[in-house]
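Asks: I have a structure here, written as structure tokens, and I will follow up with some questions on it.
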Amino acid sequence: MFQVLLALGDGEKHGYAILKEVEEQTDGHVRLSTGTLYAMIKRLLTDGIIEECRNRPPAEEDDQRRRYYRLTPLGRDVTVAEAERLEKLIATAREKHLLKRLKPA
């Protein structure tokens, strides 16, 4: 579910675009089925984490069957909180020498 929230972190997307972004951001390790994705979307909509967008691309650039989704303010807060939680876990793993420290750029 966090991968779906991350996919929406930079703006509105329709279901297929979410599927493709999750696959890309995980280097193919996570491949959601459409059924799994839409079950997650239904739950996220119900919980107020995401919302369906009313604004649509121009008709010539869009398929009217597509539904576009975006994070709500609550959804952004939830996503940030989870990212920060994971960041703390990574820091702990580094302190315990389970992960290498990143080299400065």
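The values are calculated or read from the model by the stated rules, or taken from the named source; none is laboratory data. Note that the structure is a prediction, hence the values are computed from the model and not measured. Heads up, the Cβs are rebuilt from the backbone with ideal geometry, glycines too, and the neighbour counts pull from every protein chain shown. Heads up: the accessible areas ignore ligands, DNA and RNA and are worked out on the full protein's heavy atoms, side chains in. Shrake-Rupley method; radii C 1.70, N 1.55, O 1.52, S 1.80 Å.
Asks: Considering only residues that are of a type in the set (D, E, K, R) and without any contact (Cβ under 8 Å) to a residue 12 or more places away in the chain, look in the range 13-30 and name the one that is surrounded by the most Cβ atoms within 10 Å (Cβ to Cβ). Reasoning before the result, please.
Replies: Start the filter on the range 13-30 by keeping residues that are of a type in the set (D, E, K, R), which leaves 13, 20-21, 23-24, 27.
Now restrict to residues that are without any contact (Cβ under 8 Å) to a residue 12 or more places away in the chain: 20, 23-24, 27.
Numbers: LYS20: 12, GLU23: 16, GLU24: 11, ASP27: 7.
Once the filter is applied, the top-ranked residue is GLU23.
Asks: Here's something else I'd like to know. Among the residues of the range 29-52, which ones are within 12 Å of LEU74 (Cα to Cα) and either at pLDDT below 95 or in a loop (DSSP other than H, G, I, E, B) (or both)?
Replies: First, pick out the residues of the range 29-52 that are within 12 Å of LEU74 (Cα to Cα): 44-45, 47-51.
Across the range 29-52, the qualifying residues are ASP47, GLY48, ILE49.
Asks: Got a number for residues in the range 1-12 being open to solvent by less than 30 Å² (accessible area, probe 1.4 Å) and either at pLDDT below 95 or not in a loop (DSSP other than H, G, I, E, B) (or both)?
Replies: 4
Asks: Given the residues ASP77, ASP63, which is the only one that is out of contact with any strand residue (DSSP E or B) (no Cβ under 6 Å at 6 or more places or on another chain) and at pLDDT below 90?
Replies: ASP63
Asks: Output the number of the condition that ASN55 fails; it satisfies all remaining conditions of (1) within 15 Å of the chain's Cα centre (by Cα); (2) polar (S, T, N, Q); (3) outside any helix (DSSP H, G or I).
Replies: (1)
Asks: Any residue at all in the range 72-95 that is free of Cβ contacts under 8 Å to residues at least 40 places away in the same chain, open to solvent by 100 Å² or more (accessible area, probe 1.4 Å) and part of a loop (DSSP other than H, G, I, E, B)?
Replies: No, there is no match, as no residue in the range 72-95 is free of Cβ contacts under 8 Å to residues at least 40 places away in the same chain, open to solvent by 100 Å² or more (accessible area, probe 1.4 Å) and part of a loop (DSSP other than H, G, I, E, B).
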